[in-house]
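A quick write-up on the structure given underneath.
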Amino acid sequence: MEASNITSTLFNNLNFRAERQKVISSNIANINTPNYKTKDLTFENELKNVQSPILELSQTKGNHFSNINNNMNISTPSLIKVQGLEEQNDGNNVNLDAQMSEMSKNKILFDAVQTAIKKDSTLFRSVIESSAKN
């Protein structure tokens, strides 16, 4: 049972952030590898390709909106080589400062999603506990 209909989206985002952290770490680990090209894990491009709305409406009373079901098939994130970066003499284009910045940004977003999951499950738990008292 999920705490809400957004729970699976939050967990998918959390998994994406963890995978992106691995890709960024791999870039940093290969900073001295000749001809290594910076990679990135993108998901935002896939979201831009989705035409239908993401939110679902639920009908709680007869005169409310009827339920709108959007069965979206959002594809998985894709691993790409980042184009247009300045290369070193050995063909490597990893920029340590840029990768550290992306890692920090990704960690902040990971923590934010984690906090949202905790709040979502806390709210769900409080609803369960209050209904058990009645």
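No lab work stands behind these numbers, since they all come straight from the coordinates. Note that this is a predicted model, so its numbers are computed, not measured. As a convention, Cβ positions derive from the backbone with ideal geometry for all residues, glycine included, and neighbour counts pool all protein chains shown.
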Cut-off is 10 Å between beta-carbons; in what order do Leu85, Leu14 appear when sorted fewest neighbours first?
Leu85, Leu14
Ranking of Leu109, Leu41, Leu79 by count of other Cβ atoms within 10 Å, fewest first:
Leu79, Leu109, Leu41
